[in-house]
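Just so it is clear, none of the values below were taken in a lab; they were calculated from the coordinates. Because the structure is predicted, anything quoted here is derived from the model rather than measured. Note that each Cβ is placed from the backbone with ideal geometry, even for glycine, and that neighbours are counted across all protein chains shown.
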Amino acid sequence: MASKLSTRCKEAANLKSRLKIPSITGNLGITQKLDSIITRAEQMLPIKAHALHQAQQAERAYSVLHNLIDKSSTPNLVISVLLIGICVFIDAGVNSSFLYNAHMVSGPFAALLVSSLISLTNVVLAVCGGYYIGRFLNYGSRSMDTDTQEIKAIRDRAKWQFKVFIAVMVFFILTVGLVRSTESLDKIGHSLAHYHELIVTPEAVFLVLLNICIAVFSFNKGKTGFSHPYGDYSTYQQSVTAAHDDLYQSYEDYVEEIEDACDSVEDDAQDQITAQSKAIKEYNKKVAECHQASRELEEATRAAENEFSAEAIRVINTHSVLEGREIAIPDGLLNHFPFNDATEIELPEFYHPSHRSENDPALAKAKAAALKRLSDVLKRHA
């Protein structure tokens, strides 16, 4: 029976030698690939970190030059667009009701269409005025060099542009009021008589005031709702944000490359396991037979030991009676017989591969080391 167990263990060992158990221990491929990724990171991340430092220095220099105190972040563009859309909706709704009630259009849809064009023009002009003109009206007013030619030229240009903007908006809003006061879309004249008619028409006055309020709100929202309200400071903010995002996005890309490389090794190992699943099953079956044979041998050995011990005790007791004296059972009686020879046979172990080889300590160690090196590169330069 011992020879049978030994034969099955040798067969199991022979089957195991045919298995290709995946492991990256000593595999230079993944190590070289991870080293290549780190090398590229060591070349690119310092460049991007330098670009971020330059953008930050330019932003600080601009802030010091213009003595900026409020460095609030960029406002929420979605909320700004939503508020502007509400303004257009309110203005269009009020305008359409007045136009339709005055029978200047053929129906509600036509009234809404004309009114939407009027309100959209009003809001868009005001928003553009706030964004392109309003942010520069006080340009350099707190600067240490407020009267330098470059700063003064920008501020003076904004002032005359603002005057032109006011003139255009006044003309446009008064025209909207005249449309209501004259109850006509094609017979509008900017004369004293028409202006007098506008003043004495409550609906026209209300429309003028409403459009003024909408224009003022839209102008302020255009100034503050899309960027920093001071000049072109938002350009420096955006450059810092872009450089920061570029640096950390590159870092995340390298992290993803490392993870993808390790995942590729794991996938290859899993493919190997899948390809030899039949051989693994056969090997485990043979291992089970070895363990079963070992248990049977152990049970047979214990039974033989018990039978031998009982027979030896019977013989000793018989001699004790014949000789008239008690004969002790010698110590280590069983050691003189080969009952324990089977204990020298080493039983094979079952092989149960994990779903993925990600538990491979060598791969986990290589991955952790690569991520640590990449993090150290970022910390040195960021």
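Structure above, values below:
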read-out: Charge dipole (the range 187-271, unit charges on Cβ, about Cα centre) - positive-most of THR224, PRO202, CYS213; value: PRO202
read-out: Förster radius 30 Å - calculated FRET efficiency between HIS190 and CYS128, Cβ distance, rounded to 0.05; value: 0.80
read-out: Other-chain or far-sequence residues with amide H under 5 Å of HIS228's (modelled H); value: SER234
read-out: Relative frequency of Cα-Cα separations exceeding 16 Å in the range 131-182, percent; value: 52
read-out: Theoretical FRET efficiency, 1/(1+(r/R0)^6), r = Cβ-Cβ of PHE89 and LYS278, R0 56 Å, to 0.05; value: 0.20
read-out: THR148 paired with LYS163, simple spin-label distance in nm, labels 7 Å along Cα-to-beta-carbon; value: 2.6
read-out: 23 Å Cα-Cα threshold exceeded, pairs from LYS10/LYS365; LYS286/LYS365; LYS10/LYS278; LYS163/LYS221; value: LYS10/LYS365; LYS286/LYS365
